[in-house]
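Beneath this line is the structure, given in structure tokens, with notes to follow.
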Amino acid sequence: MSEPQQRVDVAIVGGGMAGASLALMLAHFCPHLRVRLLEQRALPDAAASVELPSFDTRATAIAAGSLQLFRQLGLWPALREYCAPIKRVQVSDRGHAFGAALSASEQEQASFEGMLGAVIENAALGPILHKALAETPVELLAPARVTGVHMDNCGANLHWNAAEGGPENVLDCTLLVVADGVDSPLCRQLGMEIDTVKYQQRALVTTVALQRDHEGVAFERFTPSGPMALLPLPRREGIHRAALVWACAEKEAEGICVLSEDARLQRLQKQFGWRAGRFIKAGALQGYPLSLSLAREQWRRNVVLLGNCAHFLHPVAGQGFNLTVRDCYALAQALAQPRLQQGAVGQLECLAAYGENRRRDQRLTVGFSDRIPALFSSGNPFQQVVRQMGLLGLTLIPPLRQQFIGQAAGFGL
Ligand SMILES: Cc1cc2nc3c(=O)[nH]c(=O)nc-3n(C[C@H](O)[C@H](O)[C@H](O)COP(=O)(O)OP(=O)(O)OC[C@H]3O[C@@H](n4cnc5c(N)ncnc54)[C@H](O)[C@@H]3O)c2cc1C
């Protein structure tokens, strides 16, 4: 039997990191709004295998600014249990002696409980966000796959079904938030174009067991085959662990993925070097094709795009989700305006104010994520000097250092 047609103030399509974070913020800052979230897959559950793309085997560096927001939402006690603090960031260029170190202790304003940020495995983050969401009035529909959208004067009519070939349901909403990930079919249907530049790189991701404690250091290492990040993870069963992300050329990535376990371990150690000590084991590598995707318009009357479908960035600086958290906060603040009546959440002025508010941070964060890998993977001798000067500058020049820490800590610019 199909569900009767219904109307809500806000419908969010996609229950990944972006959709779930927005839903939590709306529940907290805009309790007067009726919000429904539609996710095509079964929701993540700590006991079940994790099926949502956001909550796979990756780990996410959550910046101090995002942690502050999650604390406001009451999530910090649950997150803390699964997070490894980032106390220091070490940036270095392979084959060169210089490196820059940034520490939380020297930057109180940009830190959260003495850390620059924290790292959590996505498989732990998903159940935490969705468990918190289940305790709010937000209505969760899952599995619920949105198959089409029609806009009218009052908002959007969403067509969805719970199973392939199952009965079609319709949901009307005043504001439609599209958070269905990169290469969104809904954006295409709405005619909201997305510009994509492929980096011809793949991010290889795995967990490594370390011989010694990482002591809360996150390493950002630039190598001729692309940037690598080694992020601290909480110890498990007494084993020191770190999450490794290596963005390398497509061809090279293919070769590395088929190496035997031992050969893979040696390759990763050789590539990263010894700054974090010996790698004693490395898990299977997962590969993610990398591109810079930017929606030409992120909002229009009754519609907002959020998360990967609005901007998909190079993961080198760990900025994508943190930028989305700031977008979610700004949108919730815009919708919480007391003068905004319930039926007006899709109004152009409100969404334009949101867009204007986010313009600068998005431009700078996207530029930061885009330029850093290009600069640090170049073999051009001039660029090599520039990046060495950059690392030296990070060490020696306070304003540059402050700016880098502010960006890395996720407070936006
Ligand atoms: C290798 C890698 C490492 C990263 N590391 C970091 C990091 O350290 N720090 C950081 O800040 N960011 C990081 N990021 C970025 C971060 O992962 C993204 O910002 C995040 O995944 C955005 O999630 P999303 O919810 O927008 O999209 P998705 O994760 O793709 O979620 C979209 C959701 O929509 C659902 N959906 C799709 N279509 C429909 C439909 N028709 N109907 C209903 N539901 C639908 C999907 O099932 C899915 O659950 C990293 C990214 C990569 C690739």
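Under the condition of being more than 6 Å from the ligand (Cβ to nearest atom) and outside any helix (DSSP H, G or I), which residue from the stretch 308-335 is farthest from residue 72 (Cα to Cα)? Checked the stretch 308-335; the qualifying residue farthest from residue 72 (Cα to Cα) is 314. Sub-6 Å Cβ pairs linking a first residue in the stretch 311-327 that is under 14 Å from residue 67 (Cα atoms) and of a type in the set (Val, Ile, Thr) to a second residue that is in a helix (DSSP H, G or I) and within 7 Å of the ligand (Cβ to nearest atom), at least 6 apart or interchain, are 324/18; 324/307, ordered by first then second residue.
So that you can scan it fast, the table gives a plain yes or no per residue for (1) away from the ligand (no atom under 15 Å from the Cβ); (2) modelled with pLDDT of 95 or more; (3) closer than 23 Å to residue 229 by Cβ; (4) exposed (fewer than 15 other Cβ atoms within 10 Å of the Cβ):
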{"residue": "102", "(1), (2), (3), (4)": "yes, no, yes, no"}
{"residue": "110", "(1), (2), (3), (4)": "yes, no, yes, no"}
{"residue": "114", "(1), (2), (3), (4)": "yes, no, yes, yes"}
{"residue": "117", "(1), (2), (3), (4)": "no, no, yes, no"}
{"residue": "133", "(1), (2), (3), (4)": "no, yes, no, no"}
{"residue": "137", "(1), (2), (3), (4)": "yes, yes, no, yes"}
{"residue": "145", "(1), (2), (3), (4)": "no, yes, no, no"}
{"residue": "149", "(1), (2), (3), (4)": "no, yes, no, no"}
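Residues that are of a type in the set (Gly, Ala, Ser) and part of a helix (DSSP H, G or I) within the stretch 18-42 comprise 18, 19, 20, 21, 23, 27, listed in sequence order. Screening residue 98 against (1) of a type outside the set (Ser, Thr, Tyr); (2) within 26 Å of residue 232 (Cα to Cα); (3) modelled with pLDDT of 95 or more leaves a single unmet condition, (3).
Give the stretch 273-296 a look and list any residue that's touching a helix residue (DSSP H, G or I) at 6+ places or on another chain (Cβ under 6 Å) and within 30 Å of residue 364 (Cα to Cα), or say none. Show your work before the answer.
Narrowing the stretch 273-296 to residues touching a helix residue (DSSP H, G or I) at 6+ places or on another chain (Cβ under 6 Å): 279, 282, 285, 287, 292.
Of everything in the stretch 273-296, those that are touching a helix residue (DSSP H, G or I) at 6+ places or on another chain (Cβ under 6 Å) and within 30 Å of residue 364 (Cα to Cα) turn out to be 287, 292.
Which count do you get for residues in the stretch 285-307 that are within 19 Å of residue 174 (Cα to Cα) and either within 13 Å of the ligand (Cβ to nearest atom) or of a type in the set (Gly, Ala, Ser) (or both)? Result for the stretch 285-307: 4.
Quick check on residue 193: is it touching a residue at least 12 places away in the same chain (Cβ under 8 Å) and touching a Lys or Arg at 6+ places or on another chain (Cβ under 6 Å)?
For residue 193, the condition - touching a residue at least 12 places away in the same chain (Cβ under 8 Å) and touching a Lys or Arg at 6+ places or on another chain (Cβ under 6 Å) - is met.
Contact map, the stretch 211-233: residues that are within 16 Å of residue 201 (Cβ to Cβ) and without any contact (Cβ under 8 Å) to a residue 60 or more places away in the chain paired with residues that are of a type in the set (Phe, Trp, Tyr) and buried (at least 19 other Cβ atoms within 10 Å of the Cβ), Cβ distance under 9 Å, separation 6+ or inter-chain. Pairs shown: 228/219; 228/222; 228/246; 228/272.
Whenever a residue of the stretch 125-152 is in contact (Cβ under 8 Å) with a residue 60 or more places away in the chain, its partners that are among the basic types (Lys, Arg), lying with C-beta atoms within less than 7 angstrom and at least six residues away or across chains, give the pairs 139/36; 141/36; 142/41; 143/41.
Out of the residues in the stretch 68-91 that are among the basic types (Lys, Arg) and either in contact with a helix residue (DSSP H, G or I) (Cβ under 7 Å, 6 or more places away or on another chain) or farther than 17 Å from residue 236 by Cα (or both), which is surrounded by the fewest Cβ atoms within 10 Å (Cβ to Cβ)? Only one residue tops the list, namely 71. Considering only residues in the stretch 257-302 that are without any contact (Cβ under 8 Å) to a residue 12 or more places away in the chain and assigned to a loop (DSSP other than H, G, I, E, B), the one that is nearest to residue 226 (Cα to Cα) turns out to be 274.
The values are calculated or read from the model by the stated rules, or taken from the named source; none is laboratory data. Quantities reported herein were computed from a predicted structural model and do not represent experimental measurements. Note that we place each Cβ from the backbone using ideal geometry, even for glycine, and neighbour counts take in every protein chain shown.
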